[in-house]
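Here's the structure, in structure tokens; my notes come after.
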Amino acid sequence: MKTAIISSYFSGETYGLLGPQMAATIIRENTPFNCIVIAVTRDDDTILLKKALADYFGRDKPIIGFSTLSGRSDLFSFAGELKDDGAVTILAGPQADVDYLGEKNWQENPHRFPGLSNYFSFSLHGPAEQAIDLLQNLNSDESRNNPGLLYLNKYQKVIHNPKINWDEKFLSKVTWDNIYRLEKSALVPHKITAGQVLQQIGCPYAARQKLIEIDYPTFMNNNGKNKVRLHLKGCSFCDVAVDKGFYGALGINTVIDQILCLPETTGGRKIPFELINENPLPGLPALLGQVKSKVINLSQINLTMRADWFIKGDEHLRKALQLAENMEIRIILTSMGFESFDDMILRNLNKGMNVETNLKAVHLVRQLKDDFPIHFGYLRNEGGNHGFIHPTPWDSKKTSVNIQEIIDRYALPSDILPNHSTPLIIHHASALGDWIRELERKEGVLFKRYDSIIGWWEESLLSDVSTSMPVR
């Protein structure tokens, strides 16, 4: 018996997909099903992909999970086509529950995102091990009680079963050779050169709720005083904060077991990996100590983190870099979440820090590069791609002048700014989704939806209040 997981991917890349590949590992080791991950780019021909899937499943009924889709409408539609053809299609991964359910109160607001319940047989939200019983009971009524399951009943009402908590025993192993790409009409193994290791689930910054005020968009805020009050956790734009919150850190033995699963380079070292932990520095020296004691040869650890926690972790990082020098390992800060160099924009993003903090982090990262030129990196040619969100709804001539002044004064284009900024993206289930809906309620306006994403720019205002999202 076979199943497969389809995930979004970028052309020409060779990175692994931790979530889908770990899920495929869990399914293969705990059920009678073989499971592979199929990485699908926007360039892939879905007609050829259908043929490849038919060849893969043969006489078996296709059971296909969809995870980490990056809001791609082409993959939503493809799942719907497969469902119509008789396949079982399962929406899984981050935001699987809210994307299946649809945007809040969409039934009374036809312009809002109606969800994906008509594109998928059902949804599975939460830990991947929930798929074990689901797959083994798929053809029985018992499957309807499966934890984490969302499905439409005979009255077309979504039934939503509570998910289970994470169980660490399922998080210690990843099979990295189970990922495939489409070549012509065949699925071929895809060799990866970079992986991920899960050390922390969720973000500590998303652990506590707070009440904040977010400004109206500049084009709706003539007096500069109009605000929306919201309760939220984490950064206002972050849908991960809503999806996972903060579960906590995994045990060091679990992390080491994941590292041992990583493929090796031709030189006999483990391939570079991202350590998934929003605050990795306090525990990094201990992790490297364990790696050294177990004689595991690493090549490179990539870090993604906040500027304030980077500053607080300076001493820990220096200890880790001293170990890295001895072990001939590189530590690369691949992404620092600066996001903006304007205090008002940072406040609206609920980053919990200001421009001064960002600039202290800039100074520190440059100093560390001077102190550890070989074993520490953060530059673009070393893999650095730091967070800079632009445009945003709060841009104005004033913010543009302020940001440009700081960019010039601190020479940020030389090493800090990415080649291209990232426009603010508002997922319907993020805190900024609540902000948009409150703007609509208070001001009697409607913003256009682009599937699961909400437009925030002036051109996305709908002039026809009867405009609705297409329902499949």
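The values are calculated or read from the model by the stated rules, or taken from the named source; none is laboratory data. The structure presented is a predicted model; accordingly, all values stated were derived computationally and were not measured. Reconstructed Cβ throughout: ideal geometry from the backbone, glycine too, with neighbour counts over all protein chains shown. Keep in mind that these areas ignore ligands, DNA and RNA; they rest on the heavy atoms of the full protein, side chains included. Shrake-Rupley method; radii C 1.70, N 1.55, O 1.52, S 1.80 Å.
When residues in the range 320-349 are screened for being of a type outside the set (A, V, I, L, M) and in a loop (DSSP other than H, G, I, E, B), 6 of them pass.
Scanning the range 115-134 for residues that are over 12 Å from residue 147 (Cα atoms) and surrounded by 21 or more Cβ atoms within 10 Å (Cβ to Cβ) turns up 115, 116, 117, 119, 120, 122.
Total residues in the range 436-461 satisfying the condition of being small (Gly, Ala, Ser), part of a loop (DSSP other than H, G, I, E, B) and open to solvent by less than 40 Å² (accessible area, probe 1.4 Å): the figure is 2. Sub-6 Å Cβ pairs linking a first residue in the range 383-400 that is of a type in the set (Ser, Thr, Tyr) to a second residue that is open to solvent by less than 40 Å² (accessible area, probe 1.4 Å) and at pLDDT 95 or above, at least 6 apart or interchain, are 392/345; 392/424; 399/342, ordered by first then second residue.
Restricting 245, 268 to residues that are surrounded by 14 or more Cβ atoms within 10 Å (Cβ to Cβ) and at positive phi narrows the list to 245. Counted as qualifying within the range 112-211 are the strands (runs of 3 or more DSSP E) with 1 or more residues that are of a type in the set (Asp, Glu), namely 179-183. Within the option set 433, 384, being under 27 Å from the mean Cα position of the chain (by Cα), assigned to a loop (DSSP other than H, G, I, E, B) and not basic (Lys, Arg) holds for one residue only, 384.
Condition first: in a strand (DSSP E or B) and among the acidic types (Asp, Glu). Can you find one or more residues in the range 215-235 that meet it? There is at least one residue in the range 215-235 that is in a strand (DSSP E or B) and among the acidic types (Asp, Glu). Of everything in the range 9-39 that is in contact with a Leu (Cβ under 7 Å, 6 or more places away or on another chain) and more than 17 Å from residue 172 (Cβ to Cβ), the residue that is surrounded by the most Cβ atoms within 10 Å (Cβ to Cβ) is 37. Take residue 358 and decide whether it is buried (at least 19 other Cβ atoms within 10 Å of the Cβ) and outside any loop (DSSP other than H, G, I, E, B). So residue 358 passes the test. Just one residue in the set 188, 174 is surrounded by 21 or more Cβ atoms within 10 Å (Cβ to Cβ) and closer than 30 Å to residue 43 by Cα; that residue is 174.
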